[in-house]
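Working notes for the structure below.
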Amino acid sequence: MNQVTIRVPATTANLGPGFDAFGCALSLYTDVTFTRTLNVDSVGSFRITGCDEAYQGPDNLAYEAFCAVCDSLSEPIGDLHIHIDAHIPICRGLGSSAALLVAGAMGANELLGRRLSTQGLLNITNAMEGHPDNLAPAFFGGLTASMVDGGLPMTVSFPLHSGWQFLAMVPDFDLPTAKARAVLPKDVSRADAIYNISHGAMVLKALELGSEKLLRNAMRDKLHQDYRKDLIQDYEPIEALIRTMGAAFCLSGAGPTLLCLTMDPTLKDRLAEKLPQVTTANWEIYPLHVEFQGAKIIASE
Ligand code: HSE
């Protein structure tokens, strides 16, 4: 095999109080095709197509993860062509970076004979990303919680009701994760830590049961969302609108995408009608559902 295409789902991290721990895979995808040529003439060249020129350099995350897996297996990279067909919006808090890391790691592993386990690939990519909350659901699908101990991530999957609709409100401005992390305090109070641990446990149960009422109350946070509000235009009126409509609300990952979680299939149309009344920014509503399958191969030759 010298060519493989990997499809990776979008992911939403944190889910309110589960900062750097909870994540869920969603029904929006990025496909990445890796074509590797290895012969006596190989010079270790690489070419990246399908994305903006700004992402075609050696710091492309799919390329970096591909190289990291080759390195860990002591294999040459060969001459590599990476083609990216991205449907996950970039720099919007829906796991576009994690998707590229997962694709690169899986792509290399497949082309090298699938010698590493998914856990092994998670270990490598977590060392690159710094937190496993997007990576874990991108690899495993569904709802996950992860912890890092001794530098190594460990992930468990949680059941969740299939009726949840994730209405992702994606603005036309981006927010680099580094900027959204820079505004967070280094230390937190015991009260805030307790608040998030207790609310986090309730979020997992509410997602399992499909209880909108429990989720609405539990999906609150003291560790990151308040600090990030000012980076996102009209965060507060949009949160107020979602809560008035009876749904649950959180920031998707580091933002700027805002998330409305509901079991009500009619809510999307009402939200689309009311959203322009509370914000002057342009928001596109993506009606998403849970993707229970993680990254997978969709073509190979
Ligand atoms: N847990 C991360 C954060 C997700 O909120 O910063 C974004 O990478």
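The values are calculated or read from the model by the stated rules, or taken from the named source; none is laboratory data. No experiment lies behind these values; they were computed from the predicted model shown. Counting neighbours? That spans all protein chains shown, and the Cβs are built from the backbone with ideal geometry, glycine included. Just the protein is used for accessible areas: all its heavy atoms, side chains included, with ligands, DNA and RNA removed. Shrake-Rupley method; radii C 1.70, N 1.55, O 1.52, S 1.80 Å.
A few notes on this one:
- Applying the Kirkwood pairwise sum to the alpha-carbon positions of the chain produces a hydrodynamic radius of 19.6 angstrom.
- Atom-type composition of the exposed protein surface of the chain places 52 percent of the accessible area on carbon and sulfur (1.4 angstrom probe).
- Residue-averaged [θ]222 nm for the chain, counting only DSSP H segments that reach four residues, each worth -39500 (n - 2.57): -10500 deg cm²/dmol
- Reach of Lys213 by Cα under 24 Å, taken over lysines that are not fewer than 8 positions away in the same chain: Lys205, Lys222, Lys229, Lys268, Lys274
- For the stretch 128-208, a/c is less than 1.5, where a ≥ b ≥ c are the root eigenvalues of the C-alpha gyration tensor. That puts it in the rounded class.
- Calculated accessible area for the stretch 165-288 comes out at 48 Å² per residue, all protein chains present (probe 1.4 Å; ligands, DNA, RNA ignored).
- Separation of the Ser162 and Thr266 label points, Cα + 7 Å toward Cβ, nm: 2.4
- Fully extended contour minus Cα-Cα distance, from Leu73 to Met128, at 0.36 nm per residue: 18.1 nm
- Spatial separation of Cα centroids for the stretch 109-161 and the stretch 274-297, in angstrom: 24
- Kirkwood estimate for the stretch 165-288, i.e. one over the average of 1/r between Cα atoms, Å: 15.1
- Ranked packing of 150-156, 184-190, 137-143, most packed first, by mean Cβ within 10 Å: 137-143, 150-156, 184-190
- Those trypsin sites (Lys or Arg not before Pro) in the stretch 89-159 that DSSP places in a loop and that have at most 14 other beta carbons within 10 Å: Arg114, Arg115
- Remark on Ala10: its backbone amide H falls under 5 Å from those of Leu26, Leu28, Tyr29, Thr30, a criterion applied only to residues 5 or more positions apart or on other chains, H modelled at 1.01 Å from N.
- Cα-based reach from Lys186 at 17 Å (exclusive), listing aspartates and glutamates while leaving out same-chain residues under 8 positions away: Asp20, Asp221, Asp226
- Relative contact order of the chain, pairs being alpha-carbon contacts under 8 Å that are 6 or more residues apart, as %: 27
- Phi-derived couplings, Karplus 6.51 cos²θ - 1.76 cosθ + 1.60 at θ = phi - 60°, listed residue by residue for the stretch 15-21: 6, x, x, x, 4, 6, 10 Hz, with x used for Gly and Pro.
- Contour minus Cα-Cα distance for Lys229 and Asn2 (0.36 nm per residue): 77.1 nm
- Derived scalar couplings between HN and Hα for the stretch 35-49 equal 10, 10, 10, 9, 8, 5, 8, 4, 10, x, 7, 9, 9, 10, 10 Hz in order, rounded to whole Hz, by the Karplus curve 6.51 cos²θ - 1.76 cosθ + 1.60 (θ = phi - 60°), x for Gly and Pro.
- Karplus 3J(HN,Hα) series, Hz, for the stretch 168-181 with 6.51 cos²θ - 1.76 cosθ + 1.60 (x for Gly, Pro): 8, 9, 9, x, 8, 10, 9, 8, x, 4, 4, 5, 6, 8
- Annotation: amide H of Phe249 within the under-5 Å range of Leu261, sequence separation 5 or more or interchain, hydrogens built in the peptide plane.
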